[in-house]
Amino acid sequence: MSLTRLTLRDFRNHAATRLEDMQAFNVLVGENGAGKTNVLEAVSLLAPGRGLRRAQPSEMAGRDGGGGFAVVADMEDGAVQIGTATDAQAPNRRTVRINRAEGPAARLAEWLSITWLTPAMDRIFAESAGSRRRFLDRLVLAREPVHARNATRYETALRERNRLLSDPTEPDPLWLDGIEAQMAQTGAAMAAARAALVAELVQVLDTVPEQPFARPMLAYASEVPLEAEALRAMLRDGRRRDRAAGRSLTGPHRDDLAVTLAAKNSPAADCSTGEQKAMLIAIVLAHAGLTAGERPRLLLLDEIAAHLDPVRRGALFERLALSGAQVWMTGTEMAPFADIAGESAVWSVRDGAATRV
């Protein structure tokens, strides 16, 4: 299955937009600020998390609407319907409906596998480890739906442990035992899923030529044991140190994705912006080949073709076609997509309205 209809109501600058009859390639063309990326952001909300801009729900509601928004997607012409919405009474509470029944956001991952690349991610290798963890977790989630539930439970337990550790009053050891047991169970599962995906990506990337995209070498930088009991013991043994710091210094929340440019054996952070972009594309393309399964797969690629030469654009479109995923791309003009125009659904986006071309 794949998306066949997408409806936006009062979402950013889209008061009432409906896109239908999607294809394997879906292209949104328009000037900067027209609302192209807003459509991709709306689609990204059909996965657990805060979407490709990591914005608060209240920031997504259209200024001329009633204070809330709605995004609804149909798969196979309505055989499955997924939606998310807010209302003016609770602008930062986002509800999720699957086949018209309300449920937790983590369940979205059971229906769709969504990955994205945006221009804001081009410098991800030069930013904090948190940016790379989020990127890696998005890749894991697209492969393993249970990762969302594990991450939510781990973050909840982590916040509670940090609260107890920073309290002037000595925390109850039994209470810490219970919190650390949950952190250990979910944290070890998170680390194991990350490590397994990185290992699979390494295998795929080892077979990829140096050109036309820069080939990255990957490693999961972690000190977290992959077994729950070992992580639980590490957390227990580190209580005194963590209490002095006022926060947990051990766990998958501190791990990193190490990336090196193979051709130069150079850390990604030291590479040019173009090389970093090429490595990101290579990772996403390698990942696309690992996510085939029962769930529909979506790739959201914002301004992906604008700065690629014709050879790299051709290679990108060829790899995307072979991936079997439904691909959504944006651009300010149609020229970069000329090679796939005949097999694409194309919309002209202007002032928050999308017209099929």
* To do: Check Ser2 against each of (1) at pLDDT 95 or above; (2) among the polar types (S, T, N, Q); (3) closer than 16 Å to Leu300 by Cβ and name the one condition it does not meet.
  => (1)
* When you look at Ala230, is it under 30 Å from Arg312 (Cβ atoms), of a type outside the set (Phe, Trp, Tyr) and either at pLDDT 95 or above or part of a strand (DSSP E or B) (or both), yes or no? -> no
* If Leu322 satisfies every condition in (1) among the hydrophobic types (A, V, I, L, M, F, W, C); (2) within 25 Å of Asp74 (Cα to Cα); (3) crowded, with 16+ Cβ neighbours inside 10 Å but one, which is the exception? -> (3)
* Thr273 is checked against (1) touching a strand residue (DSSP E or B) at 6+ places or on another chain (Cβ under 8 Å); (2) modelled with pLDDT under 95; (3) among the hydroxyl-bearing types (Ser, Thr, Tyr) and fails just one. What number does that condition carry? -> (1)
* **All positions within segment 267-286 that are outside any helix (DSSP H, G or I) and touching a Lys or Arg at 6+ places or on another chain (Cβ under 9 Å)** => Cys271
* Within segment 161-199, how many residues turn out to be surrounded by fewer than 16 Cβ atoms within 10 Å (Cβ to Cβ), among the charged types (D, E, K, R) and assigned to a helix (DSSP H, G or I)? -> 2
* Taking the condition at pLDDT below 95, over 22 Å from Arg9 (Cβ atoms) and not polar (S, T, N, Q), does Ala88 pass? -> no
* Filter segment 296-344 for residues that are of a type in the set (Val, Ile, Thr) and part of a helix (DSSP H, G or I); which is modelled with the highest pLDDT? -> Ile340
* Among the residues of segment 100-120, count how many are under 28 Å from Leu290 (Cβ atoms) and not in a strand (DSSP E or B). => 12
* Members of segment 18-32 that are farther than 11 Å from Gly331 by Cβ and loosely packed, with under 13 Cβ neighbours inside 10 Å -> Arg18, Asp21
* Structure fact -> Within segment 218-251, the residues that are buried (at least 18 other Cβ atoms within 10 Å of the Cβ), touching an Asp or Glu at 6+ places or on another chain (Cβ under 9 Å) and either closer than 30 Å to Ile281 by Cβ or without any contact (Cβ under 8 Å) to a residue 40 or more places away in the chain (or both) are Tyr220, Ser222, Val224, Thr250
* Could you look through segment 265-304, keep only residues that are of a type in the set (D, E, K, R) and more than 23 Å from Ala335 (Cα to Cα), and pick out the one that is farthest from the chain's Cα centre (by Cα)? => Asp270
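The values are calculated or read from the model by the stated rules, or taken from the named source; none is laboratory data. Keep in mind that what you see is a predicted model, and the values were worked out from it rather than measured. Ideal geometry is used to build each Cβ from the backbone, glycine not excepted, and the neighbour counts take in all protein chains shown.
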